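Structure first, then comments.
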Amino acid sequence: MTTPVHGVMPNGTRRSPREDTSWVLAPLLELPHVVHAAVISGDGLIEAASPGMEREAAEGVAAMMSALQGAARTTTAAFSGNFDVGLRQTVIESDRGWVFAVPAGENTCLAVYAGPDVNMGVVTHHMQVQVATLGAKTMSSPPRHDASS
């Protein structure tokens with residue numbers, strides 16, 4: 001059985017109000033056709049997710065979004081010949097809907113999944129507003145280091 005995740009750390013403990021970034025998702029989830037949203041660290045860990053999103057799904061989204069962001073940077077670098085690449089947004093279109101991801105501070109991104117009829121401009125605008133509201137300091141996740149290093 002899976003459990004929902006919303007402002008909960010990977011070990012299952014609740015984040016303090018200062019650390020809890022799940023509040024950033026609420027305005028996005030109110031937009032027409034938006035189904036889920038998540039705050040994801042660059043190393044593939046879930047920082048916050050939609051209230052109805054199951055933990056296993058959120059962890060899978062976080063891992064794949066981290067890999068996708070890395071692949072997008074590497075692909076852009078290969079095409080452009082410039083390896084100092086900063087992503088502005090990543091967009092996926094499928095027959096099931098859209099996934100949007102925008103940087104939300106250093107080593108963090110904000111991702112939204114919406115149905116096929118969503119107004120892309122409205123969603124991405126509101127994502128940028130939420131990121132700006134948080135500020136880079138609040139949304140930054142320091143890279144995790146292996147305990148042996």
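The values are calculated or read from the model by the stated rules, or taken from the named source; none is laboratory data. As the structure is a computational prediction, the values presented were derived from the model and not from experiment. Reconstructed Cβ throughout: ideal geometry from the backbone, glycine too, with neighbour counts over all protein chains shown. What goes into the accessible areas is simple: the full protein's heavy atoms, side chains included, and nothing from ligands, DNA or RNA. Shrake-Rupley method; radii C 1.70, N 1.55, O 1.52, S 1.80 Å.
Tabulated data for the structure shown
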read-out: Long-range neighbours under 6 Å by Cβ, at least six apart or interchain, first residue touching a residue at least 24 places away in the same chain (Cβ under 8 Å) within region 23-39, second of a type in the set (Ser, Thr, Tyr) and part of a strand (DSSP E or B); value: Val35/Tyr113; His36/Tyr113
read-out: Residues being crowded, with 19+ Cβ neighbours inside 10 Å and either hydrophobic (A, V, I, L, M, F, W, C) or outside any helix (DSSP H, G or I) (or both) - total across region 62-80; value: 2
read-out: Residue that is modelled with the lowest pLDDT [pool: residues in region 21-54 that are of a type in the set (Asp, Glu) and out of contact with any strand residue (DSSP E or B) (no Cβ under 7 Å at 6 or more places or on another chain)]; value: Asp43
read-out: Answer residue from region 28-46, given it is under 10 Å from the mean Cα position of the chain (by Cα) and in a loop (DSSP other than H, G, I, E, B) and is nearest to Val131 (Cα to Cα) among those; value: Gly42
read-out: Test for Pro103: is it at negative phi, surrounded by fewer than 18 Cβ atoms within 10 Å (Cβ to Cβ) and not aromatic (Phe, Trp, Tyr); value: no
read-out: Qualifying residue in region 7-19 (condition: open to solvent by less than 50 Å² (accessible area, probe 1.4 Å) and modelled with pLDDT of 55 or more); value: no
read-out: Residues satisfying the stated conditions in region 81-100, i.e. outside any strand (DSSP E or B) and open to solvent by 70 Å² or more (accessible area, probe 1.4 Å); value: Asn82, Phe83, Asp84, Arg88, Gln89, Asp95, Arg96
read-out: Region 50-61, residues that are part of a helix (DSSP H, G or I) and either touching a Phe, Trp or Tyr at 6+ places or on another chain (Cβ under 9 Å) or within 18 Å of Val34 (Cβ to Cβ) (or both); value: Ala57, Ala58, Val61
read-out: Neighbours by Cβ (under 6 Å, 6+ apart or cross-chain): first from region 85-104, touching a residue at least 40 places away in the same chain (Cβ under 8 Å); second open to solvent by 60 Å² or more (accessible area, probe 1.4 Å); value: Gly97/Pro116
read-out: Selection status of Ala136, under 28 Å from His33 (Cβ atoms) and modelled with pLDDT under 95; value: no
